[in-house]
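Below is one structure, written out as structure tokens, with a few remarks after it.
The values are calculated or read from the model by the stated rules, or taken from the named source; none is laboratory data. For clarity, every value in this text was computed on a predicted model and none was experimentally measured. Cβ: placed from backbone, ideal geometry, glycine included. Neighbour counts: every protein chain shown.
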Amino acid sequence: MIVFVTGSESETTPKQRFERLLNLPPSSKLVYKVLEALLPARTTRDALTKLKDADLVEEQLYVPDARKRLYAPRSIADPEEVELPE
């Protein structure tokens, strides 16, 4: 489980933090944007349901707490191998 922390800002300015973000790899930028979005639980559940229905994610039981679930992306075809409709 991820816990989002709110609190005092560090001593850096927003511009300095933006410049730091620009220097990070794409994966770090993506994680930052996801954390920044702070999607409501209902929105997240709806998105996961749609992804499961489309067979794009796999749901597994979280053994330490059976009330929770783990989600993992399923592999998809390389876009170059897929024929798109014209």
query: Can ARG67 be described as assigned to a loop (DSSP other than H, G, I, E, B) and charged (D, E, K, R)?
result: yes
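Quick one: how many residues across region 29-64 are in contact with a strand residue (DSSP E or B) (Cβ under 8 Å, 6 or more places away or on another chain) and in a loop (DSSP other than H, G, I, E, B)?
Qualifying residue count for the region: 2.
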- prompt: Does any residue in region 55-75 that is within 18 Å of THR44 (Cα to Cα) come within less than 7 Å, Cβ to Cβ, of a residue that is of a type in the set (Ser, Thr, Tyr) and assigned to a loop (DSSP other than H, G, I, E, B) six or more places away or on a different chain, and which pairs are these?
  reply: LYS68/TYR62; ARG69/TYR62; LEU70/TYR62
message: So GLU83 passes all but one of these: (1) modelled with pLDDT of 85 or more; (2) farther than 30 Å from LEU22 by Cβ; (3) surrounded by fewer than 10 Cβ atoms within 10 Å (Cβ to Cβ). Which condition number does it fail?
response: (1)
task: Give the residues of region 10-27 that are among the hydroxyl-bearing types (Ser, Thr, Tyr) and surrounded by fewer than 11 Cβ atoms within 10 Å (Cβ to Cβ), sorted by residue number.
output: SER10, THR13, SER27
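Which one is farthest from PRO14 (Cα to Cα) among residues in region 33-65 that are small (Gly, Ala, Ser) and either surrounded by 10 or more Cβ atoms within 10 Å (Cβ to Cβ) or modelled with pLDDT of 90 or more (or both)?
ALA54
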task: Output the residue which, of all residues in region 31-80 that are of a type in the set (Ser, Thr, Tyr) and over 27 Å from LEU21 (Cβ atoms), is farthest from the chain's Cα centre (by Cα).
output: TYR62
